[in-house]
Amino acid sequence: MALMAIFAVTTAFADDDEFKVVEGSFVDVVRQPGKTATVEFNYLDAQAVERTRSDRSLKQLLQEDDPKNFERWDYLMNEAKKFFTERWNEEKKHNLKIVDDKNADYHIIINTTKFDTGNSGAATWSVSKRDGGIIIWGELIIQDANGNRVCKVDLIDYRGASSRTLDLKIPTFKRRMQMFHKSFAKDLLEDIKK
């Protein structure tokens with residue numbers, strides 16, 4: 001019992017450092033009911049974090065090791081964006097709403113410097129919901145409708161949810177992308193606004 005309490009406290013502290021507001025106020029921008037934002041994810045140029053090689057971008061890794069998912073990248077990102085948007089908009093009555101409209105009030109841009117694609121073994125066998133999930137490093141920028149930056153958040157070793165549930169109908173990488181983006185939206189809204 002004591003071990004579980006220590007584990008829970010350690011996990012809580014680890015999550016506190018994943019998002020660091022370095023410019024503007026994320027809370028003030030997000031807590032605007034009736035306002036809208038688009039969202040854009042830039043992943044392909046990020047350094048791929050792997051055990052064997054770390055000199056490739058995510059784009060190169062997918063092209064060389066996973067060409068099937070590279071060919072489906074636009075489809076995967078549309079799916080991921082859908083999961084992020086749906087989770088974000090579940091709390092839309094208190095926050096700006098994510099929309100697909102170039103005339104939105106804000107534009108949220110997620111730029112990554114490093115991208116870990118996750119690990120199926122860890123996702124399947126770990127007790128934690130996050131082990132084996134996608135991990136990113138980078139920044140979240142919010143711009144107003146005129147393109148002026150109003151907020152910047154550093155993303156530090158952000159670990160999204162993994163895919164412990166084994167649904168063999170959904171390919172592993174797609175499942176991890178879906179779970180990651182759903183947890184990413186949830187954590188941004190819940191953790192950073194404490």
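The values are calculated or read from the model by the stated rules, or taken from the named source; none is laboratory data. Fair warning: this is a prediction, and the values are worked out from it, not measured in the lab. Ideal geometry is used to build each Cβ from the backbone, glycine not excepted, and the neighbour counts take in all protein chains shown. Calculation scope for accessible area: heavy atoms of the full protein, side chains included, ligands and nucleic acids excluded. Shrake-Rupley method; radii C 1.70, N 1.55, O 1.52, S 1.80 Å.
Numbers at a glance
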item	result
Ranking by accessible area, most exposed first, for Lys81, Lys68, Lys102 with a 1.4 Å probe	Lys102, Lys68, Lys81
For Glu86, solvent-accessible area (1.4 Å; no DNA, RNA or ligand), Å²	100
Listed residues Ser54, Ser183 arranged by accessible area, highest first, probe 1.4 Å	Ser54, Ser183
Charge tally in the Cβ shell below 12 Å around Asp154, where Lys, Arg are +1 and Asp, Glu are -1, Asp154 excluded	-3
With all protein chains modelled, accessible area of Lys20 [1.4 Å, Å²]	110
Residue-normalised accessible area of the stretch 42-98, expressed per residue, 1.4 Å probe, Å²	61
Computed label-point distance, nm, for sites Asp45 and Glu86 using a 7 Å Cα→Cβ extension	3.1
Sequence-distant aspartates and glutamates (8 or more away, or on other chains) whose Cα lies within less than 16 Å of Lys102	Glu40, Asp144
Nearest-10 value in Å² for the accessible area of Trp137, using the 1.4 Å probe	50
Accessible carbon and sulfur surface of the stretch 32-122 relative to its total accessible area, %, 1.4 Å	44
Inter-site label distance for Lys35 and Asp65 at 7 Å from Cα along Cβ, in nm	4.0
Accessible surface ranking that places the most exposed of Thr172, Thr112 first, with a 1.4 angstrom probe	Thr172, Thr112
